[in-house]
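Asks: The structure follows.
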Amino acid sequence: MTKETKDSLVKGTLILTVAALVARFLGVFQRIPLVSLLHEEGMGSYSIAFNLYSILLVVATAGIPSALSKMVSERYAVGRAAEAERIYRAAVLFAVVAGVVMTILLYVFAPLYAESISRGGPDATLATRAIAPAMLMFPLIAIMRGYFQGRRNMMPNGVSQVVEQVFRLVTSIGLAYLFLNISLGWGVAGASFGGVMGGVAALAVMFYYALRQKRSDRAVSQAAAEQAAAGASGAPSASDSVPALLGYKAIYGSMLKLSIPIVIFSVTVTLVYAIDTSIIIPLLEGAITRKEAHGLVGIMGGRAQSLAGIPIILAIALSQSVVPIISGAYSRKDMQQVGHQTTRVLQLAILSGLPAVLVISLAARPLDYFLFGHEDSAYGMLHGPHMISLLTLSAMFQIVMQTSGAVLMGMGRMKPLMVNVAVGIAVKLAGSFLLAGSLGIYGIIVSTGLCFIAMSWLNLRALRQEFRFTVLGRRFGGLLVSIIVIVVLGALAEWLTHTYVHPFAQYRLNEGLNAILVCGFTAVLYPVMLMLTRVVTKDDVGNFPRPLQKIIAKAGRLTGRS
């Protein structure tokens, strides 16, 4: 692996990780006042609308940008810049058309999904229609992000994510507060419309970076032309040696061939989460009241899914960064580097994602009550923290699924992805219908974990058919011991703080203190156990994000293994 490749992966991952962490924090922070304003019933309607919107958004944006990133990266790698730019222009045209079509579909079919399928009522329909205009912008935003990703420039992606979340947060909370004076339905619609304003802000950021990139490319081209005119260049550039550019028909054919499987893979998590919020009321309404079932939808979408999304942030950033690198190495038939990068990205994703999974799962109760407040009902209070903890545990397998799938995408191995996703969704649906009757809401969440487990195993099996790599190897035993010790001690710490630590009169202050104690204890225990069980060595630490390097180094000094 060259230094340039390593720097590209580390820098790209760092930018996307920081941006995604900030964006996720803002997204979770947005839910805190929304839960207080809209309560469980309103958050149930909001979640139904948001998850349907998210599915259509992924369908309209996930495949083409990922395919565009791959195609642009490959062309620039061989010096065919003019062809890469033509592909980009074709993708922009597709984004505009897709945005219009998806906006119309989302608006027209909102009542069918929100009321007839999910049984969320008129409020869910109003919220869905309020967020529909965002579809006009996000396909174009995604295309532009894919283009910059293909050129290994992750900064526009990161900045646009943060700006989008800031505008979404401010407008969602502000409009929800104002429109609640009309009705709960209008308050939910106001919260949904924040997504539209976030899209406007993100698109403005992408246009700014696009203009900068255009000026930079023009300056490079002008300098190259002047150098050629002065006789300093003895041969034409690679981009000039390709006079016949691809037609739009050929470009779209190649994009669709690549993007359809990518869409299917990329929509998986969103689809699984949407299935959860769509089937809770139909499957559980007989066993519990409709109001309780609607409240569970609000807890699932407003609390559990938001916190469970935190551990996968690094995995998503790694996936986005590794696709063009794997694609370039695979196109050069450098299977040694493909295997090395696969081992590296899987190890980094697992070992960096696991502490967040453990922290949130063990501190689910104080985090839930501190961030969002107590649930509206005794039924919600009984199940809410357990739902958050169980769904977050499933995120560990989602991390493996996401990173292994990204490697398959980088290699162009799309057929296994489609098959694996189909199997995973089948497991999800079958598990939900079979387990909901006996386990209730937990049967639905367990089926989500089984879905991610199935897809992870199938992805890894497909990769092993292509080249050799290791995930953890002999270190798996030590990691398992570490997890068991952390879970036992962390659960004990959570029980002790919940039972005995109540220094304040306000319950949320007590829960906040308990969350800090449990999260801090678990976060410190994790690197200590990794060093004690020799799961992590000095060589491994050099590949970790810098904050994690510092924590592990301190743990090493404490355990005498530095």
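Bear in mind these aren't lab numbers, they're just calculated from the coordinates by the rules spelled out. Here the structure is a predicted model, which is why all the values come from computation and not from measurement. So basically every Cβ, Gly included, is an ideal-geometry build from the backbone, and we count neighbours across all protein chains shown.
Asks: If you rank Ser118, Ser183 by fewest surrounding Cβ atoms within 10 Å, what's the result?
Replies: Fewest-to-most ranking of Ser118, Ser183: Ser183, Ser118.
Asks: Could I ask something else about it? From the phi of every residue in region 132-138, what ³J(HN,Hα) in whole Hz does the Karplus formula 6.51 cos²θ - 1.76 cosθ + 1.60 yield, where θ is phi - 60° and glycine or proline is x?
Replies: 4, x, 4, 5, 5, 9, 5
Asks: For region 141-220 and region 36-53, what is the separation of their C-alpha centers, rounded to whole Å?
Replies: 21
Asks: Packing-wise, with mean Cβ within 10 Å as the measure, how do 378-387, 214-223 rank, highest first?
Replies: Highest-to-lowest ranking by the protection proxy: 378-387, 214-223.
Asks: Something else now. Quick one: Ser254, Ser456, fewest Cβ neighbours within 10 Å first, how do they rank?
Replies: Arranged by neighbour count, lowest to highest, Ser254, Ser456 become Ser254, Ser456.
Asks: Efficiency by 1/(1 + (r/R0)^6): what FRET value for Ala225 and Tyr248, r their Cβ-Cβ distance, R0 = 35 Å, to the nearest 0.05?
Replies: Here the calculated transfer efficiency is 0.80.
Asks: Kindly rank 176-182, 497-503, 289-295, 45-51 from highest to lowest mean number of other beta carbons found within 10 Å of each residue.
Replies: The densest-packed peptide leads the list: 45-51, 289-295, 176-182, 497-503.
Asks: Per-residue HN-Hα couplings for region 511-524, Karplus 6.51 cos²θ - 1.76 cosθ + 1.60 at θ = phi - 60°, whole Hz, x for Gly and Pro?
Replies: My calculation for region 511-524 gives 5, x, 5, 4, 4, 5, 5, 5, 5, x, 4, 5, 5, 6 Hz in order.
Asks: Of the listed peptides 137-145, 101-109, what is their order by residue-averaged count of other C-beta atoms within 10 Å, with the highest listed first?
Replies: Result, highest mean Cβ count within 10 Å first: 137-145, 101-109.
Asks: Between region 389-412 and region 248-266, what's the alpha-carbon centroid distance in Å?
Replies: First find each Cα centre; the distance between them is then 22 Å.
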